[in-house]
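Each remark here refers to the structure printed beneath this line.
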Amino acid sequence: MTAFLYALINAITIWNYSDKDERTNADVAIVLGAGLSDGKVTPVFQQRINHGIFLYQHGYVKKLIFTGGYGEGNQHSDAWVAKQYAEQQGVPPQDILYEEASTITQGNIRYAKVIMDSEQYQSAIIVSDPLHMKRAMLIAEDAGINAYSSPTPTSMYISFKNKLAFLARETFFYSLYKIHG
């Protein structure tokens, strides 16, 4: 199979998976990090956090796990800032867990799995952008998480040009992950 055909099939798979919402009752929601800007959550990360809070407030999950380490020049981790944001939205601190060691999606999920194991949680809803969900779910499966997909209902990647660029990026990383794990 040519590299182009392989990438095209993966891109179609990612696109088709992007609106798959398996929202169900689970122990936790794992909210994947998306960076900070001037010490504040980016619009993309804010939508992920807001969706995690929605799942919590509507009884789908009992706890939130925020992920994301320290970006270059940041005083606080992505996860810590997300925790502060969620608390400001009314989520009790005792219902928020977070990991600050990860810098990429694989780390987000693997460190979240460590938290799940230490707290004896069995299931998770993975929260990210729609076009990120296919790769995130593959990584969660490989990490041994009983996971369900719930993409953000909206995305900051609105224009076709931005969606296409994000899809190309995800296709590259998804294809690379499938090959190398």
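The values are calculated or read from the model by the stated rules, or taken from the named source; none is laboratory data. Keep in mind that this is a model prediction, so the values were computed, not measured. We place every Cβ from the backbone using ideal geometry, glycine too, and count neighbours over all the protein chains shown. When the accessible area is computed, the model is the full protein with side chains, heavy atoms only, and any ligands, DNA or RNA have been set aside. Shrake-Rupley method; radii C 1.70, N 1.55, O 1.52, S 1.80 Å.
If you line up the long axis of helix 3-17 against the longest principal axis of the chain, both from Cα atoms, how many degrees apart are they, to the nearest 10? The angle comes out at about 40 degrees. Compared with the dominant Cα axis of the chain, that is its longest principal axis, helix 78-88 is turned about 50°. Positive-end ranking of ASN74, PRO153, LEU167 along the dipole of the chain, with charges on Cβ about the Cα centre, is headed by LEU167.
Each Lys and Arg Cβ is given +1 and each Asp and Glu Cβ -1; about its Cα centre, the range 10-78 then shows a dipole of about 200 debye. Treating the beta-carbon of each Lys and Arg as +1 and of each Asp and Glu as -1, no other charges, what is the dipole magnitude of the range 46-170 about its Cα centre, to the nearest 20 debye? Using Cβ point charges on Lys, Arg, Asp and Glu, the range 46-170 gives about 400 debye.
Each peptide in 21-34, 90-103 gets a packing score, the mean of other Cβ atoms within 10 Å over its residues, and the list from highest to lowest is 21-34, 90-103.
Taking amide H atoms as placed 1.01 Å from N in the peptide plane, the amide H of ASN146 lies under 5 Å from those of ALA124, each 5 or more residues away in sequence or on another chain.
What angle, in degrees between 0 and 90 and rounded to the nearest 10, separates the Cα long axis of helix 105-119 from the longest principal axis of the Cα atoms of the chain? For 105-119 against the chain, the angle is about 40 degrees. Counting only DSSP beta bridges with both residues in the chain, what percent are antiparallel, rounded to the nearest 5? If I count the DSSP bridges inside the chain, around 10 percent turn out antiparallel. Taking amide H positions as modeled 1.01 Å from N, with prolines and chain starts lacking one, the residues under 5 Å from LEU97 and 5 or more places away or on another chain are LEU64, ILE65, PHE66.
First compute the accessible area of the chain with a 1.4 Å probe, then give the percent of it belonging to carbon and sulfur atoms. Summing carbon and sulfur atoms, their accessible area is 54 percent of the total for the chain. Taking amide H atoms as placed 1.01 Å from N in the peptide plane, the amide H of SER128 lies under 5 Å from those of SER150, THR152, each 5 or more residues away in sequence or on another chain. Largest mean-square fluctuation among SER123, SER150, SER37, in a Gaussian network model of the chain whose springs join Cα atoms under 10 Å apart, belongs to SER37.
Computed from the C-alpha gyration tensor, the three semi-axes of the ellipsoid equivalent to the chain are 26, 18, 16 Å, from longest to shortest. For TYR148, the solvent-accessible surface computed with a 1.4 Å probe is close to 70 Å², ligands and nucleic acids excluded. The stretch between ASN16 and GLN122 holds 35.4 nm of extra length on full extension. This uses 0.36 nm per residue minus the Cα-Cα distance.
For the range 37-59, the residues whose backbone nitrogen is under 16 Å from a point 7 Å from the Cα of THR154, taken along Cα to Cβ, are 42-55. Using only side-chain charges placed at the Cβ, +1 for Lys and Arg and -1 for Asp and Glu, the dipole size of the range 1-115 relative to its Cα centre rounds to 180 debye. Label sites at GLU72 and THR42, each approximated as a point 7 angstrom past Cα along Cα to Cβ, lie 1.3 nm apart. Judged by the ratio a/c of the largest to the smallest principal axis of the C-alpha gyration tensor, the range 45-137 counts as rounded, that ratio being less than 1.5. Using 0.36 nm per residue of separation minus the Cα-Cα distance, give me the extension gain between THR24 and ASN146 in nm, one decimal. Answer, rounded to one decimal: 42.7 nm.
Figure note: VAL44, VAL114 ranked by solvent-accessible area, largest first, 1.4 Å probe, ligands and nucleic acids not counted: VAL114, VAL44. Per residue, the accessible area of the range 1-154 comes to 47 Å² when a 1.4 Å probe rolls over the protein heavy atoms.
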